[in-house]
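The next block holds one structure in the form of structure tokens; read it before the comments.
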Amino acid sequence: MAGYRADRMSEDIKREIASIVRELKDPRVSGKMLTVVHVDVTHDLSYAKVYVSALDGLESAKEAVKGLSAATGLIRREVTNRLHLRVAPEIKFIADDSVEHSFEIFKKLEKSNRNDD
């Protein structure tokens, strides 16, 4: 049952962080098309790894992670308040290039489909 709870909280935290990111005013974060790809939460809910990707590429995601890391205190407080948690999980942001990689695959498939016609 503990695994189910961690999975559910992972999705809840992902949803709330995505909402909070849209509200941030930091120029390293606000001007970018960011996606919260995945959240890994420990079973005791004390730590959360948040994987963030940007449409602009990995370098843009790394810059956004710097901005998100600077706002970690605010994000932790908001997540804790919105989800009514007793203990705020420690949040670590990690840049991820999965959206960029998926977009490249999509382009190759689209090009392949055009060549088949």
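Scan segment 37-47 and give yes if some residue there is touching a residue at least 24 places away in the same chain (Cβ under 8 Å) and polar (S, T, N, Q), otherwise no.
Yes: segment 37-47 contains one or more residues that are touching a residue at least 24 places away in the same chain (Cβ under 8 Å) and polar (S, T, N, Q).
Please enumerate the residues belonging to segment 29-83 that are buried (at least 21 other Cβ atoms within 10 Å of the Cβ), outside any helix (DSSP H, G or I) and among the β-branched types (Val, Ile, Thr).
Of everything in segment 29-83, those that are buried (at least 21 other Cβ atoms within 10 Å of the Cβ), outside any helix (DSSP H, G or I) and among the β-branched types (Val, Ile, Thr) turn out to be VAL36, VAL39, VAL41, VAL50, VAL52.
Considering only residues of segment 89-102 that are more than 16 Å from ALA18 (Cβ to Cβ) and part of a helix (DSSP H, G or I), which is nearest to the chain's Cα centre (by Cα)?
By that ranking, first place goes to GLU100.
For VAL99, work out the one condition from (1) under 24 Å from GLY31 (Cβ atoms); (2) in contact with a Pro (Cβ under 6 Å, 6 or more places away or on another chain) it doesn't fulfil.
(2)
Failed condition for SER53, given (1) within 9 Å of the chain's Cα centre (by Cα); (2) among the hydroxyl-bearing types (Ser, Thr, Tyr); (3) closer than 20 Å to ARG77 by Cα, with all others met?
(3)
Which of the residues that make up segment 69-117 are out of contact with any Leu (no Cβ under 8 Å at 6 or more places or on another chain), among the small types (Gly, Ala, Ser) and over 14 Å from TYR51 (Cβ atoms)?
ALA70, GLY73, ALA88, SER112
Tell me which residues, restricted to segment 89-115, are open to solvent by 100 Å² or more (accessible area, probe 1.4 Å) and without any contact (Cβ under 8 Å) to a residue 40 or more places away in the chain.
Hits for segment 89-115 are HIS101, PHE106, LYS107, LYS108, LEU109, LYS111, ARG114, ASN115.
Kindly list the number of the only condition in (1) surrounded by 14 or more Cβ atoms within 10 Å (Cβ to Cβ); (2) not in a helix (DSSP H, G or I) that fails for ARG86.
(1)
Given the condition within 10 Å of the chain's Cα centre (by Cα) and among the hydroxyl-bearing types (Ser, Thr, Tyr), answer yes or no: does some residue in segment 25-39 qualify?
We begin by selecting, within segment 25-39, every residue within 10 Å of the chain's Cα centre (by Cα); these are 34-39.
From what is left, the residues that are among the hydroxyl-bearing types (Ser, Thr, Tyr) are 35.
Yes, segment 25-39 contains a residue that is within 10 Å of the chain's Cα centre (by Cα) and among the hydroxyl-bearing types (Ser, Thr, Tyr).
For segment 68-85, does any single residue satisfy the condition of being without any contact (Cβ under 8 Å) to a residue 40 or more places away in the chain and closer than 21 Å to HIS101 by Cβ?
Checked segment 68-85: no residue is without any contact (Cβ under 8 Å) to a residue 40 or more places away in the chain and closer than 21 Å to HIS101 by Cβ.
The values are calculated or read from the model by the stated rules, or taken from the named source; none is laboratory data. Computed from a prediction, not measured in an experiment: that's the story for all the values here. Virtual Cβ from ideal backbone geometry, glycine too; neighbours counted across all protein chains shown. The area values use the complete protein model at the heavy-atom level, side chains included, leaving out ligands, DNA and RNA. Shrake-Rupley method; radii C 1.70, N 1.55, O 1.52, S 1.80 Å.
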